[in-house]
Amino acid sequence: MQSDGVSSTGMSKGKSELILMAEDSPTQAAHLQWLLEDAGYRVNAATNGREALELARQEPPNLVISDVVMPGMGGYELCKAIKEDPALKAIPVVLVTSMSHPRDVVAGLNCGADNFITKPYDGDHLITRLRYLTANSKLQATEKMHLGVHIELQGESHFITAERKQVLDLLISTYDAAVRLNDDLRDRQQELEVSIKSLDGLTHIIEALNRSTSMDAVLHEALGRTMEMLDAAAGWLTLEDETGEPAMLAIWEGVYPTDIPLVSHPVGDGEPITGVHWRRAATTDGQLSQRHLHIPIQVESQLLGSLNLRLNDPLEIDDRSRSMLTAVGLQVGVAIERARLLENLEDTVQRRTTELRREIAARRNAQEAEQARSAQLAELVRLGDLALTQNTLDRLFREALECACRTLGTQRGSVWLHEPENDDLKMIAWHGWDDGSAPHQIPRACKSTLGQTLAGTHVAVEDWLKEPSPERPNFLAIHDIRSTIAVPIRGHGHVMGMFALDSEVPGAFKENDIAFLASIGNVVGAAVIRAESLAALQHSEDEFRATFEQAPIGIGHINADGSWLRANAYISTVFGYGRDELDAKSYFAIFHPEHRATIEEATHRLFNGASEQSIDEVRILNRDGRDLWTRVTMSVKCDENNNAEYVIAVLEDVTEKRDAQAKISHLQRMDAIGRLTGGIAHDFNNLLTLIIGNLEPLQQRLSAGSLEATFAAGALKGAGRAAELTQRLLALSRRQTLKSETVDINALIEGVLDMMKRSFASNIEVLSRPSEQICRCKIDTTELETVLMNLAVNSMDAMPDGGRFVVSTDIQNFSEQDAAELGDIHPGRYAEITISDTGCGIPDHIKEQVLEPYFTTKDRGKGTGLGLSLVDAFVKRSGGRLALYSEVGRGTTIRICLPLEDSPDASAAQAVTARGQPNECVLIVDDDDSLRKMIVAQIRGLGYATREASNVQQALSMLRAGLDIDVMVTDIVMPGPMDGIMLAQQVLDTYPEVMVVISSGFDAYVMPDWIESSSRCAVVRKPSAVANMASTIRHLIDRDTSHA
């Protein structure tokens, strides 16, 4: 049935109809608004009933759809208010409800609701109902008669004052819901019946297999029950040969053995070769045999054989049937394994008994080994505690030797230290050797057997008598020592000696004994390191104390109340206060009253944890009343609980330094004047060149001695004198020819950054990203260093609150097409230097002015306006190109391209630009019309079809319309709530066939991690060469094609 004005699909567009939507849930409201707008409606949205009622009175809608439960005025109250308003009562009202109670229906009818939509709702069904209601709203308005009826519902009496059309709409919406639920129930019942039938068949097979105890019974039951379950006409079962021979026929039914294909292949190329699938074999005459169903018989991952069936009726192998038949194969495999196990039970029991005996013995050995390890661990813990508490090593050595000998059951042990100057091992502690028999040293230790420990390896000699005679030291031979183990004692990055045990019994030590002895050696080494560290610490404290007192800079430790905890001699000497006077004077009192509050506030912020460091240049009052400019650097010392203990104040007299900086500033201003003079002279010289160049041929055309010739000669003479004047001005401004030399750009940048690292504030992160390729250019190094420093200063001024400063290098190839489009560069290979910051950025209306001389945005007295103009002049004189990209609030990027010395222009001119096909479409999204049209022209010139959008909404509309788009190129900064990053993420998530290129002008801009990891997304920097953009698009399309 189809209502008037509503298409059968329910998706016709209502372009002039307005729907008022009331929904307090942002998620559901957004979804519902998208459905309505996608269907062609205009939508007014409200978050509660009161707001919706006000919107309805301002602009009456064609229909109102409202949630029932909302804050303040709910859906029932909103509906009632609309129906009571004479101007609004004809508007259809649809309530969205869960219909969880019959009273919901009564309440909806009482308030005059025209229809109900139950949650969750289907989008198409919702639009169909709305179109039906709006199409019949006029008919409802003409029905003037109101009905009323008394009803009893769950013991309560209600009087319903609903119109007949309202009740009919409710019945229709309830009937539609009931029909949909009934269809779902019928489908699920059919699925359940099929599943029960399959489970019954599988159960009968399992029960029959469980009753079978012999191999023959298992095979007959497996084949017969499976054929019965699937109504098979014939079947056979094969078993794999353990020797690797082809499968053997075990049992068959309904077919002659000679007709059974033991070798077959899957049916069709798309059929799987493992699991349940259809197979067939070729006959001797080349014809294809009847296909059969192949069911693998396996246990876990081991294939035992297969069940093969020829069915009377074709069977579609879906996920359910494949799962059921796989279960049949698994159950048959388990039954076959069980039958085999029963046939070989006696061998299995005997084999298992032997394995159990071995396992018991292994467990007993493991328990004994664990007990020994526990005892050794307890000894190591005791030695470790002793190493941490003893400040002398003698007792530790003695305890370690006694512990090792006692635990490993040997008689003698010793500790040796290496003396590198004469290559001797000297015994410093021993056990079991009396004073008269104890050896004192082993000469030429590194060349001896025991000296191998000095190389960091363990030494284990089972029997010295089996070793070459010269290898056993004399003292071991005298005492008839037969076996020895020795381990290294390690210090800080080197081996300092060895720990050795000796026995008169050959083979007295086991392999595990070496590990235990190595642990003792580590404890001894750690104790020696600790003793050395304590000595070094004491030495360091003495040096620190001497450094603190004798430092050529003031150092003081300040308490929270401003009292001195300690101060070095420099403070008393330079500032003129004696120790007693300083102790009696507050730290804050030594500062000039003008700056005292600044220091007090900074100190309090450090103690309160509001800051970690403060740096100020303030004045200090010397004892004789003189002002000393002082650089005060303060940081806080915290305890282990991160509570502030005291402030460390470093005071540096910078009076002379400030005077020197003032002189330098004056020289810089004079230099700027000189540069200005040189610029004017240079331009004037160009004008003179033009004048002279026109006067000279004119003079040659005039007759000698004529009045015109006399005038021309006078003009030439004046021009010559003016040229001489310009030469003097150029000399005054030091405008000389660049002193070019070949330089490694990466190394030069690193040097400049290293020189300026102290100039950057602590809240600015400085990053260097040099190119992996060598960048060598022939330039004036002094000029380039000045350029980098000027740009760094500009970036620092643009980031007063901190940020990121990035300098990177790369190699760029500019083709003839690139050079023609850019207009200010020649084809060839260039070193690209990119300087980026995350500062305040440059407004669009002054971008064209920043390269002009004397233009500056800084406060009066803080900038000359010559910085960027000098940078641009240097780049152009060097044969390069400068590009500026900036966005307010994001930062600024300046790219400088300088010609590579080893790259002739022809190399770039011969570069091949990757081209596209007419059936490959690229969508360009950029709000800048001129820039977008330029990119469109470039990409269209590469052979691609193009589409363009000026904002995110246009781009998404094109994609939703199903336009065939292969790659989307988008800018980052876009008008509206979504930027280019958000657009790219939505496109990648929603349209898997579309690749994305993000065009960014900022190296310092932090891209999300998913961009780097995505194989469907790439980033191209602005401004980009055509070859670079072409290769990026081509790479994404080709990679997508290869994956497909």
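The values are calculated or read from the model by the stated rules, or taken from the named source; none is laboratory data. Not measured: the values here are computed from a predicted model. No Cβ is skipped: glycine too gets one built from the backbone with ideal geometry, and neighbour counts run over all protein chains shown.
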Of the conditions (1) at negative phi; (2) at pLDDT below 90, PHE805 clears all except one; give me its number.
(2)
Identify, from the list SER414, SER374, the residue that is over 15 Å from ALA527 (Cβ atoms) and in a strand (DSSP E or B).
SER414
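Being in contact (Cβ under 8 Å) with a residue 24 or more places away in the chain, of a type outside the set (A, V, I, L, M) and at negative phi is the filter here; which residues of the stretch 955-978 pass it?
ASP964, ASP966, THR970, ASP971, PRO975
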Would you check if there is a residue in the stretch 1000-1015 being touching a strand residue (DSSP E or B) at 6+ places or on another chain (Cβ under 7 Å), farther than 23 Å from GLY889 by Cβ and at pLDDT 80 or above?
no
Contacts under 6 angstrom Cβ, first residue in the stretch 746-774 being in the same structural domain as ILE833 (by TED's automatic domain parsing) and more than 18 Å from THR838 (Cα to Cα), partner modelled with pLDDT of 90 or more and of a type in the set (Asp, Glu), 6 or more apart:
SER771/ASP810
Before we move on, is VAL793 among the β-branched types (Val, Ile, Thr), assigned by TED's automatic domain parsing to the domain that holds ILE833 and in contact with a helix residue (DSSP H, G or I) (Cβ under 6 Å, 6 or more places away or on another chain)?
no
Residue in the stretch 404-413 that is assigned by TED's automatic domain parsing to the domain that holds ILE206 and buried (at least 18 other Cβ atoms within 10 Å of the Cβ) present
no
Given the criteria at pLDDT below 95 and outside any loop (DSSP other than H, G, I, E, B), does ARG932 qualify?
yes
Could you tell me whether MET789 is assigned to a helix (DSSP H, G or I) and in contact with an Asp or Glu (Cβ under 9 Å, 6 or more places away or on another chain)?
no
Suppose we filter the stretch 555-572 for residues that are within 47 Å of the chain's Cα centre (by Cα) and either free of Cβ contacts under 8 Å to residues at least 60 places away in the same chain or not assigned by TED's automatic domain parsing to the domain that holds GLU601 (or both); how many remain?
2
When the residues of the stretch 202-216 are filtered to those that are touching a residue at least 60 places away in the same chain (Cβ under 8 Å) and assigned to a helix (DSSP H, G or I), which remaining residue is nearest to GLU343 (Cα to Cα)?
MET215
Just for the stretch 78-93: of the residues that are part of a helix (DSSP H, G or I) and either touching a residue at least 40 places away in the same chain (Cβ under 8 Å) or among the acidic types (Asp, Glu) (or both), which one is surrounded by the fewest Cβ atoms within 10 Å (Cβ to Cβ)?
GLU84
Wholly within the stretch 505-606, helices (runs of 4 or more DSSP H) carrying at least 1 residues that are touching a Pro at 6+ places or on another chain (Cβ under 8 Å)
511-550, 569-575
Please give the number of the condition SER533 fails out of (1) farther than 19 Å from ARG631 by Cβ; (2) among the small types (Gly, Ala, Ser); (3) touching a residue at least 40 places away in the same chain (Cβ under 8 Å).
(3)
What do you reckon, is THR1032 among the hydroxyl-bearing types (Ser, Thr, Tyr), modelled with pLDDT of 85 or more, touching a strand residue (DSSP E or B) at 6+ places or on another chain (Cβ under 9 Å) and at negative phi?
yes
Looking at ARG364, is it basic (Lys, Arg) and either surrounded by 14 or more Cβ atoms within 10 Å (Cβ to Cβ) or touching a residue at least 60 places away in the same chain (Cβ under 8 Å) (or both)?
no
Conditions (1) closer than 19 Å to HIS431 by Cα; (2) touching a strand residue (DSSP E or B) at 6+ places or on another chain (Cβ under 8 Å) -> GLY507 fails only (1)
Top-ranked residue of the stretch 491-502 - restricted to ones that are in contact with a strand residue (DSSP E or B) (Cβ under 7 Å, 6 or more places away or on another chain) and surrounded by fewer than 20 Cβ atoms within 10 Å (Cβ to Cβ), ranked as nearest to VAL528 (Cα to Cα):
MET496
Looking only at the stretch 801-818, filter to residues that are free of Cβ contacts under 8 Å to residues at least 60 places away in the same chain and farther than 18 Å from ILE779 by Cβ; which one of those is nearest to the chain's Cα centre (by Cα)?
GLY802
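For (1) surrounded by fewer than 23 Cβ atoms within 10 Å (Cβ to Cβ); (2) of a type in the set (Ser, Thr, Tyr); (3) under 19 Å from LEU956 (Cβ atoms), each residue gets a yes or a no:
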position	(1), (2), (3)
LEU18	yes, no, no
SER25	yes, yes, no
GLN28	yes, no, no
TRP34	yes, no, yes
VAL43	yes, no, yes
